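The values are calculated or read from the model by the stated rules, or taken from the named source; none is laboratory data. Predicted model only: the values in this text are computed from it and were never measured. Counting neighbours? That spans all protein chains shown, and the Cβs are built from the backbone with ideal geometry, glycine included. Quick note on the areas: whole protein, heavy atoms, side chains included, nothing else; ligands and nucleic acids left out. Shrake-Rupley method; radii C 1.70, N 1.55, O 1.52, S 1.80 Å.
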Amino acid sequence: MPEHEADGQLATPTHEVRDFLHRRREQIAQRWADEPLFRTVFTVSRDEAVEAGKVVVDALAQVADSEQVEDPDAAGFSGVREQLARMGVARSRAGLSNTQVSSELAALRPPVENLLAADLEEAPPEHLRACSTALTVLMGTLRLVAMQTALSEWQALSDRQRLQLMEVATPVIRLWDGVVAVPLIGTLDSARSQIVMETLLNAVVEQHARFAILDITGVPTVDSLVAQHLMKTVAAARLMGAQCIVSGIRPAIAQTIVHLGLDLDVITRASLADALGYALHQLGADIVNPGAGQR
């Protein structure tokens, strides 16, 4: 039955929903525990899913109490954002699309609506409609909060994975005692250029390198910002006592550098092999080709 305010009037729809959520907290959580979103995420035990459902119900009740049912930034949602994000990401990792995750969130509404209709079956029809509308809006906002939070988490995860891939794609190779090289392949942007600098400088320290080769044979193009990053890398390596050699500058990149008027105060060589040969010569370890001069 509907609750009444102190003056004997029916509670406002949002406060009626609040009171309903408090009354039916256990039943709602039990029904949600059987829904795919909870059942497939909380797999340790059903009790775990029920407890997670209770936390969400409490958040909805807090939002209804504040009468901010249309506001995804309502304070009541702050306590469940992390849980909702974890649930959304878990379903995404299981192979579900954003649309499917959204559908599973939408499936949480009917069990709650059915309980509300049973609770208010003797209430005036217009009051029941108003309460149902408030609950529908509240559940829709919960769905929006969950998707926004999950999308933010997916983006953060994607950014972390991209960073890890860039680190993997920027290996430092020890070519000789005192000689390290970074063979770069693919597009260079500011973020990856920063990783190149950090990776190379760390290698210079760890390997006590005297020469560091940046081989850009596999880089199709370089813009002015990336070129400046590379020059900063060269300067930073020089400050740490290592001489940088840039090898594999393609014709298009050379033209771009000239067109931009960049001052390349750096040793360059046509290929990685040439750069290694230069470094070895400087170290006094010249390599003689045994087949040279023979036919």
| Which number in (1) at negative phi; (2) open to solvent by 10 Å² or more (accessible area, probe 1.4 Å); (3) free of Cβ contacts under 8 Å to residues at least 60 places away in the same chain marks the one condition that His208 misses? | (1)
| Of all the residues that make up the range 213-248, how many are out of contact with any strand residue (DSSP E or B) (no Cβ under 6 Å at 6 or more places or on another chain) and in contact (Cβ under 8 Å) with a residue 24 or more places away in the chain? | 18
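Could you list, in sequence order, all residues of the range 212-230 that are part of a strand (DSSP E or B) and open to solvent by less than 10 Å² (accessible area, probe 1.4 Å)?
Once the filter is applied, which keeps residues that are part of a strand (DSSP E or B) and open to solvent by less than 10 Å² (accessible area, probe 1.4 Å), the range 212-230 yields Ala212, Ile213, Leu214, Ile216.
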| request: Please enumerate the residues belonging to the range 177-192 that are surrounded by 17 or more Cβ atoms within 10 Å (Cβ to Cβ) and either out of contact with any Lys or Arg (no Cβ under 6 Å at 6 or more places or on another chain) or hydroxyl-bearing (Ser, Thr, Tyr) (or both). | output: Val179, Ala181, Val182, Pro183, Leu184, Leu188, Arg192
| note | When (1) more than 27 Å from Arg160 (Cα to Cα); (2) surrounded by fewer than 21 Cβ atoms within 10 Å (Cβ to Cβ); (3) in contact with a helix residue (DSSP H, G or I) (Cβ under 6 Å, 6 or more places away or on another chain) are applied to Ile195, the one that fails is (1)
| field | Every residue from the range 83-134 that is open to solvent by 50 Å² or more (accessible area, probe 1.4 Å) and small (Gly, Ala, Ser) | value | Ala94, Gly95, Ser97, Ser103, Ala118
| Since Val258 meets every condition but one in (1) of a type in the set (Val, Ile, Thr); (2) in contact (Cβ under 8 Å) with a residue 24 or more places away in the chain; (3) part of a helix (DSSP H, G or I), which condition does it not meet? | (2)
